[in-house]
Amino acid sequence: MDTKVLDYRIIIEPEKYADGSVVYVAHCPTLGISDYADSVEEVMRSIKDGIQLAVESLAAEKSEVPTDEVQDQIITTARVNFPMGLSYA
């Protein structure tokens, strides 16, 4: 069976709880799935499994399987100055 490699953008953010513990939340916006784990490595394994399951499910249903064209995207951040004394979220 021939296979094709599909690329998906994943965003990982730490989430702190009131008790001081931290988990890492991974989002795959293109497929609308998320997962969390205690480490970046664990959440990467878990979200990859979730992506694989989502892709297989969509293909089995003969639904469109959306992908990210990551080679055509520019993903970056921007730092801006924020006035001291004001509050932000």
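For the range 23-44, the count of residues that are over 21 Å from T76 (Cβ atoms), part of a helix (DSSP H, G or I) and in contact with a strand residue (DSSP E or B) (Cβ under 8 Å, 6 or more places away or on another chain) is nonzero.
Looking at A54, A60, A18, just one residue is out of contact with any Asp or Glu (no Cβ under 6 Å at 6 or more places or on another chain), among the small types (G, A, S) and in contact (Cβ under 8 Å) with a residue 12 or more places away in the chain, and that residue is A54. Counting only residues that are under 11 Å from the mean Cα position of the chain (by Cα) and hydroxyl-bearing (S, T, Y), which one in the range 26-54 is farthest from E69 (Cα to Cα)? Going through the qualifying residues, I end up with Y36. Does Y8 satisfy the condition of being free of Cβ contacts under 8 Å to residues at least 12 places away in the same chain and either touching a Cys at 6+ places or on another chain (Cβ under 9 Å) or of a type outside the set (G, A, S) (or both)? Taking the combined requirement at face value, the residue does not satisfy it. Within the range 14-25, the set of residues being of a type outside the set (D, E) and farther than 26 Å from T67 by Cα comprises K16, Y17, A18, G20, S21, V22, V23. Say we look at the range 56-89 and pick out the residues that are hydroxyl-bearing (S, T, Y) and loosely packed, with under 10 Cβ neighbours inside 10 Å; which of these is farthest from Y8 (Cα to Cα)? Selected residue: S87. Would you confirm, using the coordinates I've provided, whether D2 is in a helix (DSSP H, G or I) and over 11 Å from the mean Cα position of the chain (by Cα)? The answer is no for D2.
Taking the criterion of being of a type outside the set (V, I, T) and loosely packed, with under 14 Cβ neighbours inside 10 Å, the residues of the range 20-44 that qualify are G20, S21, P29, G32, D38, S39, E41.
Every number in this text was worked out from the coordinates using simple rules, so none of it is lab data. Note that the structure is a prediction, hence the values are computed from the model and not measured. For neighbour counting, all protein chains shown are included, and Cβ atoms are generated from backbone atoms with ideal geometry for every residue, glycine included.
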